[in-house]
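S.K.: Below are the structure tokens for one structure; questions will follow.
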Amino acid sequence: MKSHRQYLWFNTPNRRDYINITPAVEQELQNSGITEGLCLVNAMHITASVYINDEESGLLQDYDEWLEKLAPHEPISRYRHNRTGEDNGDAHHKRQIMGREVVVAVTDGQLDLGPWEQIFYGEFDGRRRKRVMVKIIGE
């Protein structure tokens, strides 16, 4: 069995951003030489997410508005976490909702995604450097 690990780095200009990282993950799969196995894509920061869904601008806007209703950024005093001097209590909740990581099957050297499925990096406390780990194992 072979293993390949790579980090994707992000420094988003906005507090919240949604980035389609499917091409970058596909490139890492090609770099790995693995044709059968599993690909883990993991947000390495507690205020960011990796998830799978459709690449459609309306859906991305809907997610952003829905998450902001569920865990609004302001007033920051609503979150006990922010009493530590932070202002990102909402980002922790948004990450919990959207998830930490995804695992995708690798079949015949390709990500075995369903129709319309794409891999996204969701940033909820941006404007600083963060990473996503891509770990591929298999034959």
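S.K.: List, in order, the whole-Hz ³J(HN,Hα) value for each residue of the range 41-49 obtained from phi through the Karplus relation with A = 6.51, B = -1.76, C = 1.60 and θ = phi - 60°; use x for Gly and Pro.
M.R.: Residue by residue, the range 41-49 yields 10, 10, 6, 8, 10, 6, 10, 9, 9 Hz.
S.K.: Where does the range 1-119 land on the Kirkwood hydrodynamic radius, alpha-carbon pairs, in angstrom?
M.R.: 16.0
S.K.: Can you give the calculated 222 nm mean residue ellipticity of the chain, where each DSSP H run of n ≥ 4 adds -39,500 (n - 2.57) and the sum is split over every residue, rounded to the nearest 500 deg cm²/dmol?
M.R.: My calculation for the chain gives -8000 deg cm²/dmol from helical runs alone.
S.K.: Roughly how many Å² is the accessible area per residue of the range 12-139, as a whole number, for a 1.4 Å probe?
M.R.: Accessible area per residue, the range 12-139: 52 Å².
S.K.: Work out the charge dipole of the range 56-111 with +1 on the Cβ of Lys and Arg and -1 on the Cβ of Asp and Glu about the Cα centre, then indicate which of L59, N82, H93 is farthest towards its positive end.
M.R.: Toward the positive end, the furthest listed residue is N82.
S.K.: Quick check on the range 55-127: what are the equivalent-ellipsoid semi-axes from the Cα gyration tensor, as sqrt(5λ), descending, whole Å? List each step's numbers first, then the result.
M.R.: Working: eigenvalues 192, 42, 14 Å².
Square roots of five times the eigenvalues give 31, 14, 8 Å.
S.K.: In nanometres, what is the gap between the two model label sites at I137 and D62, each 7 Å from Cα along Cα-to-Cβ?
M.R.: Here the answer is 3.6 nm between the modelled labels.
S.K.: Let me ask you something else. Using a 1.4 Å probe over the heavy atoms of the protein chains, calculate the carbon and sulfur portion of the accessible area of the chain as a whole percent.
M.R.: In the chain, the share of accessible area belonging to carbon and sulfur is 48 percent.
S.K.: Consider a paramagnetic label point 7 Å from the Cα of E86 along Cα→Cβ; state which residues of the range 40-57 have an amide N under 17 Å from it.
M.R.: The answer is 43-50, whose backbone nitrogens lie closer than 17 Å to the label point.
The values are calculated or read from the model by the stated rules, or taken from the named source; none is laboratory data. Given the structure is predicted, the values throughout are model-derived calculations rather than measurements. All Cβ positions, glycine included, derive from the backbone under ideal geometry; neighbour counts span all protein chains shown. Calculation scope for accessible area: heavy atoms of the full protein, side chains included, ligands and nucleic acids excluded. Shrake-Rupley method; radii C 1.70, N 1.55, O 1.52, S 1.80 Å.
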